[in-house]
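Since the structure comes first, as structure tokens, the remarks are kept for the end.
A short reminder: the numbers here are calculations on the coordinates, not readings from a lab. Quantities reported herein were computed from a predicted structural model and do not represent experimental measurements. Note that each Cβ is placed from the backbone with ideal geometry, even for glycine, and that neighbours are counted across all protein chains shown.
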Amino acid sequence: MSLSRSESTALMVLAYFFLQTGQPDAAYRAVRALLCLEPDHSWARYFVIVCADAKGDYERVLTLTERLDAALSAVLSPEQSKALTLIRARALQKSGRSAEAQALTAQLIAGSGASAAGAPAADRPAASASATNRPAAGKPEERAP
């Protein structure tokens, strides 16, 4: 089954709304529904990592960021790429892998431009930071076509 653009957008907005209103479980379910119907949806693949982080599911964050592929990395904005790197660093820290977290953070501070998977991100419009002091979530309208 394929979604129309408006149906896809509705699920994106719903997931973003749930996350912004402090309902990460509902946001995760909405974005997973979108991914079930459109597995290659770039924004949803990014946002599921953001939701896992908001839920405190750090093992899931590590699994998902380890598997980032070039296709997803190519459509992330520099801010989204940095956000995923910070999310991965936090997950490493929370999982007791402090040395790896510090190395990843130092790499980001040094300006290497590496993403969470180690690949440079493409230049895209900036994503906004959420009010919960978490890295940028990327509003649905900022999704790559």
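By the equivalent-ellipsoid construction on the alpha carbon gyration tensor, region 70-118 comes out with semi-axes of 19, 11, 8 Å, ordered largest to smallest.
By average Cβ neighbour count within 10 Å, what is the ranking of 86-99, 48-61 from highest down?
Highest-to-lowest ranking by the protection proxy: 48-61, 86-99.
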